[in-house]
Amino acid sequence: MAHHPTGEEIEDTTVIPAAFDFKRASSAAEAISLMGEYGDEAKLLAGGHSLIPLMKLRLAQPAMLIDIGRITDLSYVKDAGDHIAIGALTRHMDVEKSEIVKQHVPLLAHAASHVGDAQVRHRGTIGGSLAHADSASDLPATTLALGATYVVQGPNGQRQIAAKDFYKGFLESALAPDELLVEIRVPKTSGGWSFQKFNRRAQDWAIVGVAAWRNGKESGVALVNMGSTPILATGVSAALANGASIADAAELAANEAEPQNDLNASSEYRTHLAKVLVRRALEEASN
């Protein structure tokens, strides 16, 4: 059984969710209207691989599930000039296999290949993973490291939220109750990159993970499962920009982090792992 950082076993199918109602939205506008109608009582369902386990554990008990999985116009990958635009309902497998992503943001394609197992990657969506705001997931930290921007849509139109401003707390984001994440904009990258993940089994959440890229003095480093939110290791990037060695910069890996104790690791062990994995990631990204 996989353990979430909460310590819960998330694959226990004997646990039954609380009762809920269900509606299927045929468009983003309809989904937003339904969210406005039901407010905090509603949750969006796309692939379901983030929400359903929490519902089984009754950590989430929505009165209304709004199925957005059939909104086809939110599944795409486009070259948008200086960035790649990815529809929020694009499946992990499509991000992983996209030639556009592999050419211009290979770190994201590689990280998508590490999400869960093949079943999760075929059904789960990038927007669902990001909106769920789980610090133990791979793609929130990866898009954070890459300096992505999230486009959200509500009843009054669209707004853009920088990834660094999106994650507010454990499973908490800057999304308003009546807003829908519709697009992820990821700047094109050049130079080296690396994705490091330490876990007990391939499909488990990372005990600690690192997404990093480097191009000369510029870099981005973000940490998986080192706090209640994905962590942008700004101290590491600042040190590299000021000429620090990789070894010295990596020692700053946990400066912005708040690692927790759980069934998988102590906070001290996580801090040690973060420094080791950041060093490895920067070494690989610098080659």
Residues of the stretch 182-205 satisfying the condition of being modelled with pLDDT under 95 and more than 23 Å from Ile246 (Cα to Cα)
Asn199, Arg200, Arg201, Ala202, Gln203, Asp204, Trp205
What are the residues in the stretch 152-181 that are at pLDDT 95 or above and aromatic (Phe, Trp, Tyr), if any?
Phe166, Tyr167
Check whether at least one residue in the stretch 206-218 is surrounded by fewer than 21 Cβ atoms within 10 Å (Cβ to Cβ), in contact with a Leu (Cβ under 8 Å, 6 or more places away or on another chain), more than 30 Å from Ala25 (Cα to Cα) and basic (Lys, Arg), and report yes or no.
yes
Kindly list, by first and then second residue, each pair from a residue in the stretch 69-92 that is more than 20 Å from Leu45 (Cβ to Cβ) to a residue that is in a loop (DSSP other than H, G, I, E, B) and aliphatic (A, V, I, L, M), limited to pairs with Cβ atoms under 7 Å and residues at least 6 apart or on different chains.
Ile84/Val105
State the number of residues belonging to the stretch 144-167 that are exposed (fewer than 14 other Cβ atoms within 10 Å of the Cβ) and farther than 18 Å from Lys43 by Cα.
7
Which one of these does Ser26 not meet: (1) touching a helix residue (DSSP H, G or I) at 6+ places or on another chain (Cβ under 9 Å); (2) of a type outside the set (Lys, Arg); (3) not assigned by TED's automatic domain parsing to the domain that holds Val151?
(1)
Condition set in contact with a Pro (Cβ under 9 Å, 6 or more places away or on another chain) and among the aliphatic types (A, V, I, L, M), scope the stretch 112-138, selection nearest to Ala222 (Cα to Cα): answer is Ala136
Which of the residues that make up the stretch 145-191 are of a type in the set (Ser, Thr, Tyr) and outside any strand (DSSP E or B)?
Thr189, Ser190
Helices (runs of 4 or more DSSP H) fully within the stretch 55-127 counting 3 or more residues that are surrounded by 21 or more Cβ atoms within 10 Å (Cβ to Cβ)
106-112
Odd one out for Pro177, checked against (1) touching a helix residue (DSSP H, G or I) at 6+ places or on another chain (Cβ under 8 Å); (2) of a type outside the set (Ser, Thr, Tyr); (3) surrounded by 15 or more Cβ atoms within 10 Å (Cβ to Cβ):
(3)
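The values are calculated or read from the model by the stated rules, or taken from the named source; none is laboratory data. The model shown is predicted, which means the values in this text are computed figures rather than measured ones. Glycine gets a Cβ as well: all are built from the backbone with ideal geometry, and neighbour counts include every protein chain shown.
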